[in-house]
Amino acid sequence: MTYPFATDANIDHPTLPLNMSPPKSSGIDLSDDDLDCLSISELEKRALGRMDKQTGDYYNEGADSGVTLLDNIMAYQMYRIRPRIMRDVSSIDSSVVVFGHRSSAPFGIAPAAMQKLAHPDGELATARACARRGIVMGLSSFSTTALEDVRQASGRVPNALQLYLFEDRSHSRDLIARAKMAGYKAVILTVDTPVLGRRRLEIRNQFRLPSHLEIANFASHATESEVESSSTEEGNNLPDGYATRAPQITFHTHGPNPTLEWKETMKWLKHEASPMQVWLKGILTPEDASLAVEHGADGIIVSNHGGRQLDGALATLDALPDIVAVVDRRIPVHVDGGIRHGSDIFKALALGADFCWVGRPALWGLAYKGQVGVELCLRLLIDEFRRCMGLSGVTEVKQIGPDYLCKVGRSGFVSRL
Ligand SMILES: Cc1cc2nc3c(=O)[nH]c(=O)nc-3n(C[C@H](O)[C@H](O)[C@H](O)COP(=O)(O)O)c2cc1C
Ligand SMILES: CC(C)CC(=O)C(=O)O
C-alpha cells in the first residue's frame, strides 16, 4: 500500500498527484523527522531561543493586550471533527488549485515583512522551501529581499505580492509594474492598516531595522537607520515610540494608509495591476466581503493581520462562515490567523474557506534553521493535514464540509453545525 501522507517522494514533486508517490517498503517513513521539533509549538519554542529580543517580540506579539491574537488560535479549539470510518483512505489527494497552480496542500505562506531579521537568507529561504514543497508564498512589500529575486527562487510555484498602497501612488505604481514584469500572478492589497496597530513591545524596543538590512523593494530610498538618525536630530511628529519620520520609506511611515476607499482605490488598482489578479486581505465582515465582490476583487482573505492591528476584533475563524455565505462562491474566500496544526486547516475548509494562509509558523521555521526550518514547518502542516483527512475518512479536499464539524458551546456541550 502507498503511504498516503506527506513523504519526500510526493512533496518534492508537487505536480505529481500526491496519490502517485512511489511506494515505500516500510509504510511510515520517519527518517526525515526532526526529533527536537515534532509540532509547530515545538518549532515556536526552538525559534524563540534563536531570535534576538527585538525580532522575537516583533514576530510574536499582537496589538495592545493580544486578545485577538489569542482568539484566532482559540477559535479553532471551539470546533471538533466528526470523523467518518471505513471509507478506503489508502489514496489521499490534498492538492488544490490556487492562482492557477496545483498546490500540494490547501495553504500558503502569508506575507510577513523583514524576514532577514530571522535568518540571513530571509525571504529567499522561505521561497526555496515553498518551491520545494509546492506551496505558494505571499511576499510582503516590506521584504528584505527584492521581489524579482524571490520570484526567481520560487521557480514554477507562483507568488503573490502583498501591497501596502502608499498615499503617494508613484512608489506603488513602480512596485506593481515590477511585480508584473517579474511574473507575479496576483497582488494582495492589505486593507486593515488605515493606521498601525499599537504593538507595545515594538514601541518599547524602539524597533528598527538593523543597518546591515534594507527594505529591498525600496532600496533606492534611505534606510531606516539613516532616517532614524535624521529624525533624532530634528524631532518628529509620529505616534509615541516611533522614532522614524516621513518622507522616507519605512514601514512605520508608509505601511499605514488612511485614505483607501472602495471606488477609486479598486478602480485604480485593477487598472494598474491588470492582468494580475487583485485580492483584498483584511476583511472581517460580510458587508465588506459583499463590497469586495461588487468592486471586482478576484478574491479575499479573511484576516485580522494575525491580531496585530485592531485588538478586540473578532477571530478570523468566527468571521468566516457569514462571509462565505454572503460571497456564495462568486470569488474565492481564503482565511489566515491562528493556524498552528494541519487539523486547523481542515476546520477552516469545513467552514467554507477555499484556502488558508499561515504566518508566524513559517517565521519560526526560518529562525530555527533557515530554508530547512521552513521546509520542516511546511512538512509538519502538510503531513498533519493529510493525516487529518485520512483519519476523518476524506480522500479529496472538495469533500471537506460542515458535516465534518461540530461546535463546542459555552456550556461544553457539543452540537452539530
Ligand atoms: C512579523 C509579521 C509581519 C507581517 N507583515 C505583514 C506584511 O508586511 N503585510 C501583511 O499584509 N501582513 C503582514 N503580516 C500578517 C500576516 O500576513 C498574516 O495575516 C498573519 O501573520 C496571520 O496570522 P498567524 O501569524 O497567526 O498565522 C505580518 C505578520 C507577522 C507575524
Ligand atoms: C510593514 C508592516 C506594517 C509589517 C506588518 O504588516 C506587520 O508588522 O504586521
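The values are calculated or read from the model by the stated rules, or taken from the named source; none is laboratory data. Quick caveat, the model's predicted, so the values are computed rather than measured. As a convention, Cβ positions derive from the backbone with ideal geometry for all residues, glycine included, and neighbour counts pool all protein chains shown. All accessible areas refer to the heavy atoms of the entire protein, side chains included, with ligands and DNA or RNA removed. Shrake-Rupley method; radii C 1.70, N 1.55, O 1.52, S 1.80 Å.
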Exercise. What are the residues in segment 396-413 that are touching a residue at least 24 places away in the same chain (Cβ under 8 Å) and over 20 Å from residue 341 (Cβ atoms), if any?
Worked result: 396, 403
Exercise. Quick one: what pairs do we get from segment 41-59, first residue within 19 Å of residue 306 (Cβ to Cβ), second open to solvent by 70 Å² or more (accessible area, probe 1.4 Å), C-beta under 7 Å, 6+ apart or different chains?
Worked result: 56/48
For this session: Please specify each residue of segment 158-183 satisfying the condition of being within 13 Å of ligand 2 (Cβ to nearest atom) and of a type in the set (Lys, Arg).
Result: none
Seminar exercise, completed: Scanning segment 103-126 for residues that are in contact with a Pro (Cβ under 9 Å, 6 or more places away or on another chain) and small (Gly, Ala, Ser) gives 103, 104
Exercise. Across segment 60-94, which residue is nearest to residue 406 (Cα to Cα) among those that are among the basic types (Lys, Arg) and in contact with a Phe, Trp or Tyr (Cβ under 9 Å, 6 or more places away or on another chain)?
Worked result: 82
Exercise. Considering only strands (runs of 3 or more DSSP E) fully contained in segment 40-135, which possess at least 1 residues that are in contact with a strand residue (DSSP E or B) (Cβ under 9 Å, 6 or more places away or on another chain), open to solvent by 70 Å² or more (accessible area, probe 1.4 Å) and more than 16 Å from ligand 1 (Cβ to nearest atom)?
Worked result: 79-81, 96-98, 101-103
Seminar exercise, completed: Expected single match for within 16 Å of ligand 2 (Cβ to nearest atom) and either under 17 Å from the mean Cα position of the chain (by Cα) or β-branched (Val, Ile, Thr) (or both) among 186, 113, 125 is 113
Problem set entry | Selection from segment 205-230 of residues that are away from ligand 2 (no atom under 15 Å from the Cβ), charged (D, E, K, R) and either open to solvent by 50 Å² or more (accessible area, probe 1.4 Å) or at pLDDT 85 or above (or both) | 226
For this session: Report yes if residue 177 is surrounded by fewer than 20 Cβ atoms within 10 Å (Cβ to Cβ) and within 20 Å of residue 255 (Cα to Cα), otherwise no.
Result: yes
